[in-house]
Amino acid sequence: MIGIVGGTGPEGRGLALRFCLAGEEVFIGSRAAERGRAAAEEIRAKAPGARVDGGENREAARLADIALVAVPYQGHREAVSELRQELSGKVVVDVVAPLAFSSGRFHALTVPEGSVAQQLKALAPEARVVAAFHTVSAADLLVPDRTVDCDVVVCSDDREAKQQVMTLAKCIKSVRAVDGSGLECARYIEDLTALLLNINRIYKGRSMIKIVGI
Ligand SMILES: NC(=O)c1ccc[n+]([C@@H]2O[C@H](COP(=O)([O-])OP(=O)(O)OC[C@H]3O[C@@H](n4cnc5c(N)ncnc54)[C@H](OP(=O)(O)O)[C@@H]3O)[C@@H](O)[C@H]2O)c1
């Protein structure tokens with residue numbers, strides 16, 4: 001079971017849809033159970049037969065074999081702190097980018113721990129933290145028949161957890177998973193999202209990344 005904390009936003013719903021299309025079972029978490037259930041309903045409408053349910057974030061974390069955290073950076077510290085026990089021992093995938101918008105541009109914020117993924121590890125030390133999916137456009141994920149032709153860079157200090165998440169990423173058609181080294185490197189991929197969002201504003205597009213030369 002894949003549980004998504006903050007799963008009602010575009011990124012959480014988009015990933016949930018793609019995982020469901022690949023046959024995975026998904027639980028969409030929210031601060032309000034009814035919003036989680038409504039998001040699950042929306043996924044079932046797009047993907048009939050999808051094995052998806054929704055409810056509170058705590059339930060998503062409790063039920064998950066693999067948990068994703070997809071809240072805005074501004075809510076990350078509190079959301080993770082509250083779920084420390086439920087996330088203990090689990091593979092936890094952080095998709096959060098530390099972003100702010102001012103003066104007409106997106107900026108990457110400085111995270112005291114080095115990256116949001118490292119912040120998660122500091123708040124939930126028993127979690128098997130993996131950073132991934134930062135550069136995948138929610139707008140593309142949410143359209144079931146749109147090809148998501150991009151790389152997903154995956155960072156973790158836990159080899160087995162990283163492998164599991166690379167396999168999960170590849171269940172999204174046309175996605176390639178790329179090993180991005182240890183959790184310390186998560187900051188590079190998190191900060192890259194500010195660049196992509198600024199490019200999107202200039203070109204009115206949905207930029208994603210592909211690594212060449214490997
Ligand atoms: N959008 C993209 O294309 C994209 C791509 C890659 C990565 N990301 C990253 O993925 C994360 C989610 O992106 P998104 O666009 O889906 O974000 P979002 O819609 O702003 O937030 C996702 C969900 O988080 C919950 N939430 C909002 N504020 C919160 C708070 N203060 N504390 C706890 N939960 C809160 C809300 O759910 P409830 O109200 O139901 O609790 C909301 O639906 C972000 O960190 C973003 O950097 C986004």
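Scanning region 42-52 for residues that are in contact (Cβ under 8 Å) with a residue 24 or more places away in the chain, part of a helix (DSSP H, G or I) and either crowded, with 20+ Cβ neighbours inside 10 Å or of a type in the set (Lys, Arg) (or both) turns up Ile43, Lys46. Quick one: Glu41 ticks every box in (1) more than 16 Å from the chain's Cα centre (by Cα); (2) within 27 Å of Ala124 (Cα to Cα); (3) away from the ligand (no atom under 12 Å from the Cβ) except a single one, so which number is it? So the condition that Glu41 fails would be (2). Number of residues in region 21-38 that are surrounded by fewer than 24 Cβ atoms within 10 Å (Cβ to Cβ) and near the ligand (Cβ under 8 Å from one of its atoms) equals 3. Exactly one of these conditions fails for Asp94: (1) near the ligand (Cβ under 10 Å from one of its atoms); (2) surrounded by fewer than 17 Cβ atoms within 10 Å (Cβ to Cβ); (3) touching a residue at least 60 places away in the same chain (Cβ under 8 Å). Give me its number. The number of the failed condition is (2).
Only one entry of Val154, Val129, Val136 meets the criterion of being away from the ligand (no atom under 11 Å from the Cβ), crowded, with 20+ Cβ neighbours inside 10 Å and closer than 21 Å to Lys210 by Cβ, and that entry is Val154. Does Gly55 satisfy the criteria of being buried (at least 17 other Cβ atoms within 10 Å of the Cβ), closer than 21 Å to Val143 by Cα, touching a residue at least 12 places away in the same chain (Cβ under 8 Å) and not hydrophobic (A, V, I, L, M, F, W, C)? No: the conditions fail for Gly55. Answer yes or no as to whether Arg84 is among the basic types (Lys, Arg), out of contact with any Pro (no Cβ under 6 Å at 6 or more places or on another chain) and more than 11 Å from the ligand (Cβ to nearest atom). When the stated conditions are applied, Arg84 passes them. Here is the figure for region 167-214: residues that are free of Cβ contacts under 8 Å to residues at least 60 places away in the same chain, among the hydrophobic types (A, V, I, L, M, F, W, C) and within 19 Å of Gln118 (Cα to Cα) total 3. Of the residues making up region 88-107, those that are farther than 19 Å from His134 by Cβ and under 17 Å from the mean Cα position of the chain (by Cα) number 1. With respect to Thr147, is the statement that it is among the polar types (S, T, N, Q) and surrounded by fewer than 16 Cβ atoms within 10 Å (Cβ to Cβ) true? In short, yes. One residue stands out in region 58-91 among those that are among the hydroxyl-bearing types (Ser, Thr, Tyr) and in a helix (DSSP H, G or I): the one that is surrounded by the fewest Cβ atoms within 10 Å (Cβ to Cβ), namely Ser81. If only residues of region 3-20 that are hydrophobic (A, V, I, L, M, F, W, C) and closer than 14 Å to Ala169 by Cα are counted, the one that is farthest from the ligand (Cβ to nearest atom) is Cys20.
Taken together, the values in this text are just the output of simple stated rules run on the coordinates, not laboratory data. Treat the numbers as computed from the prediction; the structure is a model and nothing was measured. We place every Cβ from the backbone using ideal geometry, glycine too, and count neighbours over all the protein chains shown.
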